[in-house]
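I have placed the structure first, in the form of structure tokens, so that the comments after it can refer back to it.
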Amino acid sequence: MANDTNKFQAIISHSKEYGFIFPSSEIYDGLSAVYDYGQWGSELKKNIKDHWWKSMTQLQENIVGIDAAIFMHPMTWKASGHVDNFSDPMIDNKDSKKRYRVDHLIEARIEELEKEGKKADADALQTEMDRLLKESDFPGLKKLIEDLKIKCSVGGTSNWTEVRQFNLMFSTQLGSVSEEASEIYLRPETAQGIFVNFLNVQKTGRMKIPFGIAQIGKAFRNEIVARQFIFRMREFEQMEMQFFIRPGTQKEWYEHWKQARMQWHLGLGIPEAKYRFHDHVKLAHYADAACDIEYEFPFGFKEVEGIHSRTDFDLKNHQEYSKKKMQYFDSEINQNYIPYVIETSIGLDRTVLMVLSEAYTEEDLSTPEKQDGRVVLKFPPKLAPVKLAILPLTKKDGLPEIAREIMEVCKSQFRCFYEEKDTIGRRYRRMDAIGTPFCITVDHQSKEDQTVTIRYRDSMAQERIAISEIASIVNKQLM
Ligand code: ATP
């Protein structure tokens, strides 16, 4: 098995080779930190999206979904605090001109210390960094970087600028004539589309607190250190849910959603040991409690989802800036108030990377006679891009006709793939490589007794089943 750095590289290559993820506009050498999803990647992404949407709306009686526009009134971002606060402390190396996020530079050193087994030193450094970030002590952060003798990975020198804040929002012009144009932003999070629609949804949906509004959509951030494939992109998708509650109940609901979201993750079949909670020390400008759900990627434990207790910060500010009341009348206690909010916010692309990392398996199948191996993506069947491959053993003797009939019956129920080229072994391996959980082979016996061979991706076991059973066997695994 490849080591973890190699494994990550192998996942990137595999994703490209098998039509999951391509660099954006690759014929022009790509665009940094922007990626396109190919034929199988887009299916995988959509399946994850549908699964999240179903668990967060259909299966919750008090959560509804919306689909707000990417462009929003510029005042939104003033009210939300993004114009003033949505920035990261950055530092530039004067020699190489390369820019770094300060926390990333120090975190890399913490990881080194952990690898060297110096756990106490790593913890102490983490605490010191958290303190300096919390106090926005920029000279202190610079001194820490210098004291640690951290070097630029490109130029190899420690010739650093001052630490500065850098806003992450992209802006563009609205309006066709330049005099009329006004600056607007590409939304850096989907949450604000939910907040500005809070009253619309509450009133038209006759929603009673506690209730939630969910949304899936694109967000844009001008990430300075954009790296690690689709982990950190400049254009990405978020799946967010804002849960509106009575003030004073935020602690219980925060705990509730922490546990509920972790259960969702475990429901993907990923072992508990691959997850951990990380509580925030430096809280964002809107939060009174916050944590991340981290997954152990091949490059270490990193955030996949954030759970934030956002207080009434957003609604209160929108009320102030828009001069529109954001209040809710709670008939149970006969009181008007601005609701508090618990947010669950998960990156769709990071979830794709998590599911890919978990699924990617290299297996050595060598025998004393022959070297052999396979790469198999062990996706949960409900997330797999293709559920069933239908493979006639040969291109003649009426086998394709039977296979086509099976295709006709199954293709309206789940994604199928038909292929008659190449040896059956090669076709199985190609299906393993895109994570197809079931293959059926139509052979000469099928003509006699209406049975086929079903081959299971993970165990590679094969058994004979009746053609009439195929759809129900597959459907059972997709629940
Ligand atoms: P990070 O600390 O990694 O920059 P964040 O704490 O700023 O992330 P949030 O604002 O909490 O992230 O956004 C919620 C989720 O959106 C994250 O948990 C992550 O899954 C996803 N996300 C955020 N930024 C990006 C990005 N640049 N590319 C891909 N996904 C992202």
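Tabulated data
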| item | result |
| --- | --- |
| Unmet criterion (only one of (1) under 21 Å from Y286 (Cβ atoms); (2) open to solvent by 10 Å² or more (accessible area, probe 1.4 Å); (3) touching a Lys or Arg at 6+ places or on another chain (Cβ under 6 Å)) for I224 | (1) |
| Pick from region 322-361, criterion open to solvent by 20 Å² or more (accessible area, probe 1.4 Å) and within 16 Å of the ligand (Cβ to nearest atom), ranking: farthest from the chain's Cα centre (by Cα) | E358 |
| Failed item in (1) open to solvent by less than 20 Å² (accessible area, probe 1.4 Å); (2) within 30 Å of W53 (Cα to Cα), with A403 passing the rest | (2) |
| Test: residue in region 272-281 that is within 27 Å of T76 (Cα to Cα) and open to solvent by less than 10 Å² (accessible area, probe 1.4 Å) | no |
| Those residues of region 17-31 which are open to solvent by 70 Å² or more (accessible area, probe 1.4 Å) and within 16 Å of the ligand (Cβ to nearest atom), in sequence order | L31 |
| All positions within region 115-138 that are closer than 30 Å to D4 by Cα and either outside any helix (DSSP H, G or I) or open to solvent by 80 Å² or more (accessible area, probe 1.4 Å) (or both) | K115, E116, G117, K118, K119, D121, T127 |
| Enumeration of residues in region 284-321 that are out of contact with any His (no Cβ under 8 Å at 6 or more places or on another chain) and open to solvent by 60 Å² or more (accessible area, probe 1.4 Å) | H285, D288, E296, K316, E320, Y321 |
| Near pairs, Cβ below 7 angstrom, 6+ apart or cross-chain, from region 18-39 (farther than 30 Å from C416 by Cβ and β-branched (V, I, T)) to any residue that is more than 15 Å from the ligand (Cβ to nearest atom) and open to solvent by less than 20 Å² (accessible area, probe 1.4 Å) | none |
| The one condition in (1) open to solvent by 50 Å² or more (accessible area, probe 1.4 Å); (2) more than 26 Å from Y286 (Cα to Cα); (3) in contact (Cβ under 8 Å) with a residue 12 or more places away in the chain; (4) out of contact with any Asp or Glu (no Cβ under 8 Å at 6 or more places or on another chain) that E61 fails to fulfil | (3) |
| Those residues of region 282-306 which are away from the ligand (no atom under 13 Å from the Cβ) and in contact (Cβ under 8 Å) with a residue 24 or more places away in the chain, in sequence order | D288, A289, P298 |
| Exclusive hit being farther than 26 Å from E296 by Cα and either within 15 Å of the ligand (Cβ to nearest atom) or hydroxyl-bearing (S, T, Y) (or both), set S96, S42, S55 | S96 |
| Residues of region 307-349 that turn out to be free of Cβ contacts under 8 Å to residues at least 12 places away in the same chain and on the phi > 0 side of the Ramachandran plot, as a count | 2 |
| Given (1) closer than 27 Å to G193 by Cβ; (2) in contact with a Pro (Cβ under 9 Å, 6 or more places away or on another chain); (3) open to solvent by less than 40 Å² (accessible area, probe 1.4 Å), number of the condition V83 does not satisfy | (3) |
| M241, sole failed condition from (1) within 16 Å of the ligand (Cβ to nearest atom); (2) open to solvent by 10 Å² or more (accessible area, probe 1.4 Å); (3) farther than 30 Å from L31 by Cβ | (2) |
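The values are calculated or read from the model by the stated rules, or taken from the named source; none is laboratory data. Values in this document were obtained by computation on a predicted structure and should not be read as measured data. Neighbour counts run over all protein chains shown; Cβ positions are idealised from the backbone, glycine included. Keep in mind that these areas ignore ligands, DNA and RNA; they rest on the heavy atoms of the full protein, side chains included. Shrake-Rupley method; radii C 1.70, N 1.55, O 1.52, S 1.80 Å.
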